[in-house]
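J.: My questions will all concern the structure given below.
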Number of protein chains: 2
Amino acid sequence: MSGTNTDMPAVIAHELPSPVPLDEIAACPVTDLFRRIGDKWSMLVVILLGKRAYRYNELHRSIEGVSQRMLTRTLRTLEDDGFVRREVYPSVPPSVEYSLTPLGVSLLAPLSALAEWAVANASPTSSGPTA
Amino acid sequence: MSGTNTDMPAVIAHELPSPVPLDEIAACPVTDLFRRIGDKWSMLVVILLGKRAYRYNELHRSIEGVSQRMLTRTLRTLEDDGFVRREVYPSVPPSVEYSLTPLGVSLLAPLSALAEWAVANASPTSSGPTA
DNA sequence: CTGTATCCGCATAGATACTG
DNA sequence: CAGTATCTATGCGGATACAG
């Protein structure tokens, strides 16, 4: 550590209003949201449930490639975060229905805006800058 | 493969049992976008660069907690995806300036919408419903 | 100043098997 | 039908050292 260190309390002291302390980073609502639904399956499930309610195996079959473990984890997390509601019908055989909560539905709006942007700009993946 | 498979051309299926093939999942623009900027630092960098151009060490100091490795990785990926522009000034000592491309700037809009939602609904983390 | 190289820990994600 | 349990593989993220 060089002694020339100016003693800035965790945040640079530019004239600009963007010091971004760790505190802010952790508190950043967008980052937080992304860390919640930014995984491989969450958003897909939310979008799917945005259309109608689904049963477990129905989801499992609908989203090909997802394992039971991952589907269950995803659903549990979404439920825990208040986006998805889980209803159990004690019938024989048992059936469990998953649906979007009002919170989950409200998320679809801003998500659509982002989706539109993504579609409009296509995935820069292979369509990289021609020059 | 199963002959009962109906061939749905839409990413976000429609009303009935939608198969959501792996092909479609990979093509989902939102999922794709999330996988690109949904990591720990990308979005933060984009937002920061949305204010003004930054130099490498400036970013490094501004975002406390990020390692050189991660900052470089993040910047390289963002640059590769066309969100960030990297300009090298061969001075002594050398200086590199990072700024947002028009594409990067345009991303700020839908991102803000999502941010507003996130803020409005607070993070369900600790402010969970009644709990 | 602006990076790159290497090693390591941890969380995430998948495969598989088993259960109420 | 609707999960849980276990094991493993991979990648992300961080620390440290070194280089142009």
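The values are calculated or read from the model by the stated rules, or taken from the named source; none is laboratory data. Since we're looking at a predicted model, the values are computed, not measured. Please note: Cβ atoms are built from the backbone with ideal geometry, for glycine as well, and neighbour counts cover all protein chains shown.
J.: What number goes with the only condition from (1) farther than 24 Å from A:ILE37 by Cα; (2) within 13 Å of DNA strand D (Cβ to nearest atom) that B:ARG52 does not pass?
T.: (2) is the only condition that B:ARG52 fails.
J.: Which of the residues that make up the range A:92-113 are more than 10 Å from every other protein chain (Cβ to nearest Cβ), surrounded by 15 or more Cβ atoms within 10 Å (Cβ to Cβ), over 13 Å from the mean Cα position of the chain (by Cα) and more than 9 Å from DNA strand D (Cβ to nearest atom)?
T.: Across the range A:92-113, the qualifying residues are A:SER99, A:LEU100.
J.: Here is a list of conditions, (1) within 13 Å of DNA strand D (Cβ to nearest atom); (2) among the aliphatic types (A, V, I, L, M); (3) at pLDDT 90 or above, and A:ALA26 meets all of them except one; can you say which number that is?
T.: Unmet condition: (3).
J.: Right, another one. Taking A:ARG36 as the residue in question, decide whether it is surrounded by fewer than 16 Cβ atoms within 10 Å (Cβ to Cβ) and not aliphatic (A, V, I, L, M). Lay out the reasoning, then the answer.
T.: Working: surrounded by fewer than 16 Cβ atoms within 10 Å (Cβ to Cβ): no; not aliphatic (A, V, I, L, M): yes.
Criteria not met by A:ARG36.
J.: Related question: Sort through A:THR31, A:THR72 and tell me the only one that's modelled with pLDDT under 95, of a type in the set (S, T, N, Q) and assigned to a helix (DSSP H, G or I). Please lay out each step first, then the result.
T.: Values: A:THR72 fails: modelled with pLDDT under 95.
Answer to the selection: A:THR31.
J.: Right, next: Looking at the range B:24-48, which of the residues that are aliphatic (A, V, I, L, M) and either within 7 Å of chain A (Cβ to nearest Cβ) or within 13 Å of DNA strand C (Cβ to nearest atom) (or both) is nearest to B:ASP81 (Cα to Cα)?
T.: From the range B:24-48, those aliphatic (A, V, I, L, M) are B:25-27, B:30, B:33, B:37, B:43-48; that's our starting set.
Next cut, either within 7 Å of chain A (Cβ to nearest Cβ) or within 13 Å of DNA strand C (Cβ to nearest atom) (or both) only: B:25-26, B:30, B:33, B:43-45, B:48.
Details: B:ILE25: 20, B:ALA26: 17, B:VAL30: 15, B:LEU33: 10, B:MET43: 13, B:LEU44: 16, B:VAL45: 14, B:LEU48: 17 Å.
That would be B:LEU33.
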